[in-house]
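> The structure that follows is given in the form of C-alpha cells.
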Amino acid sequence: MSRSVTAVLGALLGIIGLVAIAVPGLTTPLPTGDAFVLLVGVVLVLGAVGQIQRRRTTELRYAETPDAELAVDLPTPGDDLDRRLDRLRLTRFNEAQRHRLRDELGDVAVTTIQRRERCSPAEATEALEAGTWTDDPFAAAFFTGLAPDVGASARVRELLHRESPFKRRAIRAIEAIERLQEGEDD
Amino acid sequence: MTEDDTPRSDGGRSVDTTTAEADAVEADAATAAAAGADAPDAETGGADGVDAGVRPAESNATDAFARDEPSVEEDAEPGRRETPTPGGDSAEARADSEPAASTGPVTTTVRSATLRSTNHWVGFATLAFLAGGLGVALRSRSLLLAAVVGVGYLAYANVTEAPEPRLAVERTLSTERPEPGDTVEVRVVVENVGETVLPDLRIVEQVPEALAVTDGPARTATALRPGARMTFTYSVLARRGAYEFDGLTVMARNASGSRERECDLSTEPISITCLAPIDATAAVPLRGLTSPYTGRVSTDTSGEGTEFASLREYQHGDALSRIDWNSYARDGTLATMEFREERMATVVVVLDLRGAAYLQAGEDGLHAVDRGIDATRRIFNSLLDTGDRVGLAAFASESVWLAPGAGATHQARARDLLSTHPALSPTPPDERVYVRWQLRRLHQRLDDDAQVVFVSPVPDDTSTLVARSLQVRGHPVTVVSPDATLRDTPGHTLAAIERSNRLNDLRGSGVRVVDWAGDERLGEALERARRRWSG
Amino acid sequence: MSGTEITRRPGRHSLVVSGVAGATAAVMVAAGSTTGAGVTVLGTAVVLSGVHTARHGVVDVGGLLAFVGVVFAALAEAPAPAVLLATAGTVVAWDAGTNAVSLGRQLGLEADTARPESLHALAGALVGLVTAVLGLVLFETGPTRQPITTVFVLLLAATLLLVALDR
C-alpha cells in the first residue's frame, strides 16, 4: 500500500477510535464474530509477514568509516615482482605471465652479462640461451627452457619442492645474476 | 633550520603556545596577562560580550590564528558565539581535562554533511502486526497491549530527526617536533557547543595518511549534552616530514538510531614536523664535486660579483682585457687576472619528485624523497659556502625553480622553498609528472655552463634518460642517488640489480654517480665516490 | 600498510547489554510459559551470536524468535505486565544488538563504546516502560478501561500512521 493510502486509512481509524473512547458503545456494532475476527487477524499477520519481507530486503545503511589508523607505506622497488612470483603458485598454467617474467629477467641478465664479460648484447643473449653464463644449472635452465644439467635425484627434489619449478628457477636465476654483478665490482 | 618553518595552512608563524590565548570563559585566566586583560570584556554582556567570546585572543599581540577561522565563518551566526560565554557550570569539567596553558576547544566548521536513514527500524512493525493479528484472532488482550508497546517503539523510531552537531574541538600533541620513530600522543577534546543534545555521536579522526596509529583507535563514541565535553587519546608514530591534523568525521544519530548525519568537520590545524637528526657535520665535503668542471664565465664587464682573485701566468688565448698591464709595465711579464666569478661554478640541484621516486627500503627505512630533500639542502648550503652559485629545480607535479644565485637572501629563499613548497611533500603526487616537457624547460633555463646535481633514487630508465640528456647537452651531471633497494627477497634483489646496472650505465656515459646507501651518512658516500673518481 | 587496523565487530560489553535485556525478558516470559521462556532464551542466544559476528540478519532473526517466546507466554495467560515488560525486553535486546553491530562496523571493538551503548539501551528500555505503563493504565486498569475493539482500532490506526511515516 502506498504511503499516503496508509496514512489516510490510519488517520481515519484513529479518529474512529478516539471518538469511540469518548462515546463508549460506538464500537459495539462492529462485528466480533469468530470468522470476522479470524479474518482480521490473518490479514494483520500477513501484514507482519510483509514487514518481515521488507526488513529482509532493505539493507542497513550507515556511514562507512575509512581505515584512518593505517598509514600508506611507500613501495620498495621490486614489490610488484614479488607479488607476481607469489601469484605464480596460484595460476600455475598461465603461460603469458611466465613469458613476461622470463623476458624481464632476461633483459636484466643480458645487461649484467654484457658488463661483466664486456661483450656485445648479441653475444650476451647467446650465452643466456646456451646457458653458459652461469654455473648454476637451475638458473641456466630458466632461460634455456631445457632440463637442468643435474643428476636425477636433484631433479626429483626440485619437483617435490613446495613451490613450482618455474618459480624456484626464477629465484635461482636472480641469485645468479646478482652473483655475476657483484663479481664485476671486483 | 629556524623555528619558522612549520608549514601552516594559513601561512602564519608558529603559534607560541606558552603565551596562552586563554579561553574567554575561563574565569581564572591565570595564564597570560594579555588574556587576563580581556577577561572583563568577556563578562560584560551585550553586543561586546558576543564578540568577546571569540575575539579576545585576537586582540593579543601574538597572532591568534586559532580564532581567525571560526570568526570568519561564524559571522552569519553570531548566536553561536554566545554559548562559550556562560560556561560557568562546565568550567569545573574543564579544569579537570584541560592542560594549563591551552587555547580551549575551537568551533569547527562543516566541510560537508550527509543525512541518511539507517533503516535500523525498518520492518519493526512486524511486532505490532504480529501481536495485533494474533491478539485479535486469538482474543488475547495482553498481546494487543504488547502491540501497543510496539507502536510506542515505532513512534520513538520514526518521529525524531538526527541532530546537527555543533562541536568545538581541541587537539593537542605531546610534542610538535618529534624525532623520527618517536611516539606522539594526540589528545582530542570535543565539546558540544550547540543547543541540542547529541545522544549518539561517533567520531573518527582524520589522521594524516602517512602516519600510522600505534596505540588505540583514533575513534570514539559518546553522548553529549549541550556544553559537555569528552576527551580521547591515541598515539601516532612520527615519521620524517610535516603532517597536519586538520579535521575529523562525525556521525550524529538521533536517540533511536534511525537517522544519521555524517559530517566532515574542519578543525584548527596542528602539525607534527619531524626532521631527521642533523648530522654532526652539517657541511658536506664537496671536494671534487664541481672543481674539475669549473665554469668559465667570460665576462668582459667588471660588474657586480667580479672580484679580483689572483694572477696567473699568461696563457695563449687569454682575453687581452684580462692582462694585468700593471705588472707588464713593471717588469715586462704577461699575467692574466683571474676574477672570482670565473672560479665560481654554477650548479643547479635537480630533485626527482615523480611518483616513481617515492620509494622506501622496507617499512622502517627513510624514504628516498626525504633523503633526497635532505641531501639537496646540505649540498645546496655547502656549495654556497664554497662560493658557487647554486639553484634549485625539480621534476614534480608543480613547477620548482630557483635560479642560481648566491648570498644570504638567496640561501633563505632556498631554505623556504625546501621546507614549504607543496611539491616537496612526504607523500607521492596524485598528478602525472610530464618529464619530457619539464626536461625541455629545464634545458632552456639552464645556463650553458651550468652543472647539474641530480638527486634521484634512479628507479627507472626515465631518470637515466634525464641524466644522460643533460650530460649530452654539455651540463656535467653528478647523480646523487639514495639507495632505496633491499636484497631480502627475489623481487627486491632484481630491482637492486637493475638499479646497479643503471648506475653503471650512467658511469659509462661519463656521468658521475654517488650511490648513497641507506645506512650511510651523506658525507661518507660523497667521500667514497670522490675517492673513486680521483683514484 | 603499517599501523593498527581496527577489528570491525562489537566488543564484549555489547554482548552484556543485549544479554541482560534478553535474560530479563526470559524471566518475565517464564511467569507464563516455560516453553516460551526457552524460546526467548534461544532467541537471545541468536541475537548474541549475531552481535558477536557483526551480522544484522542474525540479530533480526534472534529478536523475532525472542518475541515468539513472549507470544507463547501471552497465550498462556501470563499477567499483562509481565508480557509487556517481556516485549520491551526483547525489543531492547534486539535494538541494542543492532546498534552494537553498527558501532562495531564503524568504530571497531578497540574503541570504548560502553557508555553510549548503555545509554542507548536505557533509552530503549525507557520507551518500552513508558508505553507499557501507558497502555496498562489506559486500557486495562482504572476508569478508562476500554473494550477490546476500541483498543484494536486505535492500535491499527497508530500502526498505519507510523508505518506511513516510516523513513
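> If you go through the range C:135-167 one residue at a time, how many are under 18 Å from the mean Cα position of the chain (by Cα) and either more than 7 Å from chain B (Cβ to nearest Cβ) or modelled with pLDDT of 95 or more (or both)?
The qualifying residues number 0.
> Could you run through the range A:45-86 and say how many residues are surrounded by 13 or more Cβ atoms within 10 Å (Cβ to Cβ), over 30 Å from residue B:121 (Cα atoms) and more than 7 Å from chain B (Cβ to nearest Cβ)?
Residues that pass the stated criteria total 2.
> Related question: Within the range B:121-177, track down each residue that is among the basic types (Lys, Arg) and not in a loop (DSSP other than H, G, I, E, B).
B:141, B:171 - these are the residues of the range B:121-177 that are among the basic types (Lys, Arg) and not in a loop (DSSP other than H, G, I, E, B).
> How many of the residues making up the range B:518-535 are surrounded by 14 or more Cβ atoms within 10 Å (Cβ to Cβ) and closer than 21 Å to residue B:459 by Cα?
7
> Given the residues B:185, B:191, B:205, which is the only one that is acidic (Asp, Glu), modelled with pLDDT of 90 or more and over 20 Å from the mean Cα position of the chain (by Cα)?
B:191
> Among residues belonging to the range B:451-468 that are out of contact with any Pro (no Cβ under 7 Å at 6 or more places or on another chain) and assigned to a loop (DSSP other than H, G, I, E, B), point out the one that is surrounded by the fewest Cβ atoms within 10 Å (Cβ to Cβ).
If we take residues in the range B:451-468 being out of contact with any Pro (no Cβ under 7 Å at 6 or more places or on another chain) and assigned to a loop (DSSP other than H, G, I, E, B), then B:460 is surrounded by the fewest Cβ atoms within 10 Å (Cβ to Cβ).
> Can you tell me which of B:517, B:484 is within 12 Å of chain A (Cβ to nearest Cβ) and under 20 Å from residue A:78 (Cβ atoms)?
B:484
> Quick check on residue C:114: is it crowded, with 19+ Cβ neighbours inside 10 Å and among the hydrophobic types (A, V, I, L, M, F, W, C)?
So residue C:114 fails the test.
> Name every residue in the range B:112-130 that is more than 7 Å from every other protein chain (Cβ to nearest Cβ) and either acidic (Asp, Glu) or crowded, with 20+ Cβ neighbours inside 10 Å (or both), in order of residue number.
B:121, B:124
> If you don't mind, another one. Quick check on my filter: what residues within the range B:209-223 are free of Cβ contacts under 8 Å to residues at least 60 places away in the same chain and farther than 20 Å from residue B:191 by Cβ?
Of everything in the range B:209-223, those that are free of Cβ contacts under 8 Å to residues at least 60 places away in the same chain and farther than 20 Å from residue B:191 by Cβ turn out to be B:212, B:213, B:214, B:215, B:216, B:217.
> Tally time: how many residues in the range C:13-35 are more than 20 Å from residue C:129 (Cβ to Cβ), touching a residue at least 12 places away in the same chain (Cβ under 8 Å) and either surrounded by fewer than 23 Cβ atoms within 10 Å (Cβ to Cβ) or more than 12 Å from chain B (Cβ to nearest Cβ) (or both)?
Of the residues in that region, 4 qualify.
> Also, quick follow-up: Which is at pLDDT below 90 and under 15 Å from residue B:349 (Cβ atoms), of B:442, B:526?
None of the other options fit; the residue is B:526.
> Does residue A:136 fit the bill of being within 11 Å of another protein chain (Cβ to nearest Cβ) and over 21 Å from residue B:503 (Cα atoms)?
For residue A:136, the condition - within 11 Å of another protein chain (Cβ to nearest Cβ) and over 21 Å from residue B:503 (Cα atoms) - is not met.
> Please go through the range B:469-507 and give me each residue that is assigned to a loop (DSSP other than H, G, I, E, B) and within 30 Å of the chain's Cα centre (by Cα), ordered by number.
Answer for the range B:469-507, where residues must be assigned to a loop (DSSP other than H, G, I, E, B) and within 30 Å of the chain's Cα centre (by Cα): B:483, B:484, B:485, B:486.
> Ok, one more. Output the helices (runs of 4 or more DSSP H) that fall wholly within the range A:101-183 and possess 1 or more residues being closer than 16 Å to residue B:491 by Cα, or say none.
Counting at least 1 such residues, we get A:137-144.
> A follow-up question, please. If I ask for residues that are under 9 Å from residue B:355 (Cα atoms) and of a type outside the set (Asp, Glu), which ones from the range B:428-439 would you list?
B:428, B:429, B:432, B:433
> Now for a different question. Could we say that residue B:472 is at pLDDT 90 or above, surrounded by 19 or more Cβ atoms within 10 Å (Cβ to Cβ) and more than 7 Å from chain A (Cβ to nearest Cβ) here?
In short, no.
> With B:223, B:228 as the choices, which residue is modelled with pLDDT of 90 or more, more than 19 Å from residue C:110 (Cα to Cα), surrounded by fewer than 22 Cβ atoms within 10 Å (Cβ to Cβ) and within 13 Å of chain C (Cβ to nearest Cβ)?
After applying the criteria, what remains is B:228.
> Condition first: charged (D, E, K, R), outside any helix (DSSP H, G or I), within 20 Å of the chain's Cα centre (by Cα) and surrounded by fewer than 23 Cβ atoms within 10 Å (Cβ to Cβ). Can you find one or more residues in the range B:371-388 that meet it?
Checked against the condition, which is being charged (D, E, K, R), outside any helix (DSSP H, G or I), within 20 Å of the chain's Cα centre (by Cα) and surrounded by fewer than 23 Cβ atoms within 10 Å (Cβ to Cβ), the range B:371-388 yields no hits at all.
> Conditions: (1) at pLDDT below 90; (2) within 11 Å of residue B:152 (Cβ to Cβ); (3) not small (Gly, Ala, Ser). Residue C:87 meets all but one. Number of the miss?
Tallying (1) at pLDDT below 90; (2) within 11 Å of residue B:152 (Cβ to Cβ); (3) not small (Gly, Ala, Ser), residue C:87 fails exactly one: (1).
> Next up: Taking the options A:91, A:111, name whichever one is at pLDDT 85 or above and among the polar types (S, T, N, Q).
After applying the criteria, what remains is A:111.
> Picking from C:91, C:83, C:68, C:61, which residue would you name as being assigned to a helix (DSSP H, G or I), hydrophobic (A, V, I, L, M, F, W, C), facing another protein chain (nearest Cβ under 9 Å) and surrounded by fewer than 24 Cβ atoms within 10 Å (Cβ to Cβ)?
C:68
> Here is a follow-up. Among B:511, B:479, which is the only one that is out of contact with any Pro (no Cβ under 9 Å at 6 or more places or on another chain) and in the same structural domain as residue B:374 (by TED's automatic domain parsing)?
B:479
> Any chance the range B:492-511 includes a residue that's under 15 Å from residue B:359 (Cα atoms), at pLDDT 90 or above and among the small types (Gly, Ala, Ser)?
The answer is yes, given that some residue of the range B:492-511 is under 15 Å from residue B:359 (Cα atoms), at pLDDT 90 or above and among the small types (Gly, Ala, Ser).
Yes/no matrix, rows are residues, columns are (1) closer than 28 Å to residue B:523 by Cβ; (2) buried (at least 17 other Cβ atoms within 10 Å of the Cβ); (3) at pLDDT below 55:
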residue: B:258; (1), (2), (3): no, yes, no
residue: B:298; (1), (2), (3): no, no, yes
residue: B:303; (1), (2), (3): no, no, yes
residue: B:312; (1), (2), (3): no, no, no
residue: B:318; (1), (2), (3): no, no, no
residue: B:329; (1), (2), (3): no, no, no
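The values are calculated or read from the model by the stated rules, or taken from the named source; none is laboratory data. Here the structure is a predicted model, which means the values were calculated and not measured. Glycine also receives a Cβ, built like all others from the backbone with ideal geometry; neighbour counts cover every protein chain displayed.
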